Amino acid sequence: MSNWKATAVSCSNIALIKYWGNRDQALRLPSNPSLSMNLAELTTTTHVEFDPSLTSDVLILDGREVTGSGRARVSRFLDQVRNETSEVSHLFARVESRNNFPAGAGLASSASGFAALAVAASAAAGLTLSEAELSRLARLGSGSACRSVPGGFVEWALGADDQSSYAYSIASADHWDLRDIVALIDVEHKSVGSTEGHAVADTSPLQAARVATAPDRLAQARSAVLGRDFAALADVVERDSLMMHAVMITSSPSLMYWQPATIAIMQAVVQWRANGLAACTTIDAGPNVHVICTAEAAEEVALRLRVIPGVRQVIAARAGGPARLMANL
Ligand code: PMV
């Protein structure tokens, strides 16, 4: 097959137990283990073609050519693949990547982006990698991307080193029909990206306590997922997200991602849950709120989120499958 091209599709993922901070920044070896759910409706499709006529790598993102630091990050990633095989070691690549979710909405595309890139670039280079090897490779592009390679509910254990730090599925997507109802909130100014954020995590005195207690929260979340115990999951998911934001807010510089609508939703959801709706919140490095809920609660959650001032759009996602190669286009 390998005519030096391949296409892959990958889901984004939402962390139920967050990854924040690295013990090795260059290799993206995490300070703590994390747990996530792939999001079936939020995907990136990436086509990679190694081409002897190119004089540099080319990156097209959602139809627009990207140069500068964005392209440099992808080139460094492709170097990892080029180093693995003499077939393409001397060739540049054209990478065309498309997200099916709104660009600039503040939804993380690096997880699905680097997972799809890992699968497509390695296949285009003629490499046959195991799921663990693909997850490890994706991690080098973006830490959370390693969790978008396997399917369903996914754990990223610490690992001892570069080779052993990868993610694996603890349950498939059909194990539990959990939903992520994402409330997109107006973003007034560009916030600090996660790569810079990880780099300053240790400046917060709270990070050591967060990291030390993360394995306990992960164990609670894992058993809540495996036992489909929503009340137990909600408790630990909200606490873990708040712990990460406590670290962010108290870092130097302080990273305050919340906006007024973010807090309004967090408070509303606590109230809804107290009144019997199976929903809880978790927030990444941005103002958007992910409301994790049961299938039964999903419609009601979406209706209620839509009328909260500051909510621009609501996107609903189910648990998604693994990153996969598509028929060669
Ligand atoms: O993969 P990165 O470097 O974009 O980091 C992601 C960090 C969070 O989204 C905030 C948490 C997580 O575990 O996904």
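Hey, among Val311, Val236, Val289, which residue is over 21 Å from the mean Cα position of the chain (by Cα) and crowded, with 17+ Cβ neighbours inside 10 Å? Talk me through it step by step, then tell me what you get.
Working: Val236 fails: over 21 Å from the mean Cα position of the chain (by Cα); Val289 fails: over 21 Å from the mean Cα position of the chain (by Cα).
Exactly one of Val311, Val236, Val289 is over 21 Å from the mean Cα position of the chain (by Cα) and crowded, with 17+ Cβ neighbours inside 10 Å, namely Val311.
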Is there a residue in the range 124-134 that is touching a helix residue (DSSP H, G or I) at 6+ places or on another chain (Cβ under 6 Å) and within 12 Å of the ligand (Cβ to nearest atom)? no
Expected single match for within 12 Å of the ligand (Cβ to nearest atom) and not assigned by TED's automatic domain parsing to the domain that holds Leu305 among Ser164, Ser144, Ser169 is Ser144
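Here is a yes/no grid of residues against (1) of a type in the set (D, E, K, R); (2) within 16 Å of the ligand (Cβ to nearest atom):
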position: Lys5; (1), (2): yes, no
position: Trp20; (1), (2): no, yes
position: Leu39; (1), (2): no, yes
position: His47; (1), (2): no, no
position: Asp57; (1), (2): yes, no
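Give Ala72, Ala40 a once-over and let me know the one that is surrounded by fewer than 24 Cβ atoms within 10 Å (Cβ to Cβ) and within 28 Å of Val314 (Cα to Cα).
On the way: Ala72 fails: within 28 Å of Val314 (Cα to Cα).
Only one candidate qualifies: Ala40.
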Being of a type outside the set (A, V, I, L, M, F, W, C) and within 16 Å of the ligand (Cβ to nearest atom) narrows it down to one residue among Gly197, Gly227; which is it? Gly197
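To keep it simple, each residue is scored yes or no on (1) free of Cβ contacts under 8 Å to residues at least 60 places away in the same chain; (2) of a type outside the set (Ser, Thr, Tyr).
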| residue | (1), (2) |
| --- | --- |
| Ala208 | yes, yes |
| Val211 | no, yes |
| Ala214 | no, yes |
| Gln220 | yes, yes |
| His245 | yes, yes |
| Thr250 | yes, no |
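Report, by residue number, each residue of the range 252-282 that is touching a residue at least 40 places away in the same chain (Cβ under 8 Å) and within 14 Å of Gly193 (Cα to Cα).
Pro253, Leu255, Tyr257
Can you tell me which of Ser56, Ser110, Ser69, Ser75 is among the small types (Gly, Ala, Ser) and under 17 Å from the mean Cα position of the chain (by Cα)? Outline the logic, then answer.
Numbers: Ser56 fails: under 17 Å from the mean Cα position of the chain (by Cα); Ser69 fails: under 17 Å from the mean Cα position of the chain (by Cα); Ser75 fails: under 17 Å from the mean Cα position of the chain (by Cα).
Result of the check over Ser56, Ser110, Ser69, Ser75: Ser110.
Mind listing just one residue for me: the one in the range 22-37 that is hydrophobic (A, V, I, L, M, F, W, C) and more than 10 Å from the ligand (Cβ to nearest atom) and, of those, surrounded by the fewest Cβ atoms within 10 Å (Cβ to Cβ)?
Once the filter is applied, the top-ranked residue is Ala26.
Which of the residues spanning the range 142-177 are assigned to a strand (DSSP E or B) and surrounded by fewer than 24 Cβ atoms within 10 Å (Cβ to Cβ)? Step through it out loud before you land on a result.
Within the range 142-177, the subset assigned to a strand (DSSP E or B) is 153-156, 167-171.
Across the range 142-177, the qualifying residues are Glu155, Tyr168, Ser169, Ile170, Ala171.
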In the set Ser109, Ser148, the lone residue that is at pLDDT 95 or above and hydroxyl-bearing (Ser, Thr, Tyr) is Ser148
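The values are calculated or read from the model by the stated rules, or taken from the named source; none is laboratory data. These numbers were taken from a predicted model, which means no experiment stands behind them. Neighbour counts are summed over all protein chains in view; Cβ atoms, including those assigned to glycine, are modelled from backbone coordinates with ideal geometry.
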